[in-house]
Amino acid sequence: MSSGGAAADSVLRLQDVTKVYGDVRALGGVSVDVAAGELVAVVGPSGSGKSTMLNIVGTLDRPTSGTVTIAGNDVGTMSDDALSLLRADHVGFVFQHFHLQSGATAAENVADGLLYAGTRRAERQARAVGALERVGLGRRVDHRPNQLSGGEKQRVAIARAIVGEPTILLADEPTGALDTASGTAILELLRELNAGGTTVLVITHDLDLAASLPRQIRMRDGLVQSDSSSDAAELAAAIHGGPGGVA
């Protein structure tokens with residue numbers, strides 16, 4: 001299959017990865033390299049295998065065969081406990097639906113992202129406030145979800161995902177529940193985080209959104225159909241065209 005990124009500085013590598021559920025072959029031998037600092041779209045229709053790939057990259061599921069390496073760690077050799085620690089140290093998740101605790105403040109929701117890292121409560125709080133400031137919500141730290149807009153809720157979810165300074169940020173349809181203006185702002189935030197050094201994978205079915213990111217891995221029927229990069233002119237045109245929110 002296609003692969004991109006430089007092998008020497010890969011933070012994520014899939015080699016001939018398959019995933020079979022009963023009679024269904026969700027992934028049919030996927031090989032992908034993602035280098036440190038990349039911003040990548042994994043794009044495809046429903047049933048293309050992109051969600052299965054997300055679960056495997058996020059160590060929420062194990063492949064049937066093949067090798068997955070994250071930050072130099074071969075996932076296949078690790079126990080479930082070791083895998084949980086790897087996930088806590090290296091992977092941040094952002095989902096279409098925000099999964100915030102309704103009775104908790106923004107800072108408390110973000111601090112929860114450090115629960116499994118063994119971080120002291122005072123440090124969790126301080127780092128949560130710092131993460132909220134990083135996503136532009138420094139004045140919303142004490143607000144609860146019902147006091148926040150949809151875009152602000154997604155920013156809280158992103159702050160929770162980055163508070164542990166993960167190696168890889170996985171964003172699954174991050175604009176899917178947002179209006180166009182909020183979706184555009186969230187994409188810009190992801191670009192800013194990437195510019196700051198975070199490796200970001202955006203999983204989406206939206207072709208316009210994917211075209212606005214520097215690299216696009218297109219999936220279909222459990223395979224990588226293409227793996228390409230946009231030049232500066234193409235990127236500028238796609239970004240200024242405004243992908244906005246996805247349906």
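A short reminder: the numbers here are calculations on the coordinates, not readings from a lab. These numbers were taken from a predicted model, which means no experiment stands behind them. Methodologically, a virtual Cβ is constructed for each residue, glycine included, from the backbone with ideal geometry; neighbour enumeration extends over all protein chains shown.
Quick notes on this structure:
- Total residues in segment 205-215, condition touching a Leu at 6+ places or on another chain (Cβ under 9 Å) and surrounded by 23 or more Cβ atoms within 10 Å (Cβ to Cβ): 3
- Hey, Leu54 aliphatic (A, V, I, L, M), under 24 Å from Leu190 (Cβ atoms) and not in a helix (DSSP H, G or I) or not: no
- Residues of segment 146-171 satisfying the condition of being outside any helix (DSSP H, G or I) and within 14 Å of Leu187 (Cβ to Cβ): Leu169, Ala171
- Subset of segment 19-44 [of a type in the set (Ser, Thr, Tyr) and surrounded by fewer than 16 Cβ atoms within 10 Å (Cβ to Cβ)]: Tyr21
- Taking the listed residues Gly103, Gly47, Gly113, the one that is under 23 Å from Ala177 (Cα atoms), under 20 Å from the mean Cα position of the chain (by Cα) and surrounded by fewer than 18 Cβ atoms within 10 Å (Cβ to Cβ) is Gly47, with no other qualifying.
- Of all residues in segment 129-153, those satisfying the criterion of being within 25 Å of Val11 (Cα to Cα) and of a type outside the set (Gly, Ala, Ser) are Arg134, Val135.
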